[in-house]
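Just so you know, all these numbers are worked out from the coordinates, no wet-lab data involved. All values derive from a computational prediction rather than experimental measurement. Reconstructed Cβ throughout: ideal geometry from the backbone, glycine too, with neighbour counts over all protein chains shown.
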Amino acid sequence: MKILAIDTSSHVMGTAVSSENGILAEYITNFKKNHSLRLMPAVHQMMKEVDMAPEELDAVAAAKGPGSYTGVRIGVTTAKTMAWSLGIPVYGISSLMQLAAGGTWFPGLICPFADARRGRVYTGLYRFRNGILTTERSDRVTSLDDWLEKLNETEKPVLFLSRDSKQHESAIRDTLGERAVFGGDAENRPRPSDLISLTAQMEPQPPHSLVPEYAQMAEAEKKWYAAEEGRTYE
């Protein structure tokens, strides 16, 4: 299938395109800059280089979060708009599952995560079984300490994949010891081509049904709801 993949859910902005022969092109940047200004020019240039018109696409795949609130919205909205205008389906794929896909070489549990501040992380637990990436524990936002205790109870080696690994490496090693394995620099960055690979084990959906998955409310939303709880209406 000819699939366009889009990922703007973190500092990494990436796009990839495939055909029946596999991945044709992949474009990735890894710095904090306005994804909304750079995404479509990157898509346009990549499609031009592989000599493929948007009308030839069969589907669009997007990283749907959790991740940066603004970043997730940019990627999901762009994917939905393109798919709707072209009359093709979309694939919404967990950003954590996308990151876990980089651990295909690891035989044990795979824990992708991202720092969520205040001692919490966005995370989930995955594992490759017969070449298929399966979800062992669903994506969530949780206390890092509580999560590490749960992982420790499995008594199994765990591969940690995250751009925030160094920030939390000491705490992870204190709890899991030698059973903690850390991915390399390249593995700690999500690849848009992995979104395309993951579509093989998923069902497409109509564009209007794709929604971001934030795992928690934005800080502004929390403050708004807190204010609303104390408000009375006449």
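So the values come out like this:
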item: For the chain, calculated [θ]222 nm from helices alone, where every DSSP H run of n ≥ 4 adds -39500 (n - 2.57); result: -10500 deg cm²/dmol
item: Within straight-line cross-link reach of Lys64, aspartates and glutamates at Cα separation under 13 Å, skipping those fewer than 8 residues along the same chain; result: Asp7, Asp139, Glu213
item: Cα gyration tensor shape of the chain, rounded if a/c is under 1.5, else prolate or oblate by comparing a/b with b/c; result: oblate
item: Relative contact order [Cα under 8 Å, 6+ residues apart], the chain, whole percent; result: 22
item: Those aspartates and glutamates that a straight Cα-Cα span of less than 14 Å connects to Lys48, excepting residues fewer than 8 apart in one chain; result: Glu26, Glu56
item: Mean Cα-pair separation over length for the range 96-182, i.e. relative contact order, pairs under 8 Å, 6 or more apart, %; result: 29
item: Rough spin-label spacing in nm, given labels placed 7 Å along Cα→Cβ, for Gln45 and Val211; result: 3.6
item: Nearest-0.05 FRET efficiency for Asp185 and Asp145, computed from C-beta distance (R0 25 Å); result: 0.45
item: Ranked Trp84, Trp147, Trp105, criterion: other C-beta atoms within 10 Å, fewest first; result: Trp105, Trp84, Trp147
item: Mean-position separation - Cα centroids, the range 130-177 and the range 1-66, in angstrom; result: 29
item: Ascending count of other beta-carbon atoms within 10 Å, so fewest first, for Ser85, Ser165, Ser18, Ser95; result: Ser85, Ser165, Ser18, Ser95
item: Asp174-Ala53 pseudo-label distance in nm [points 7 Å out on the Cα-to-Cβ vector]; result: 6.0
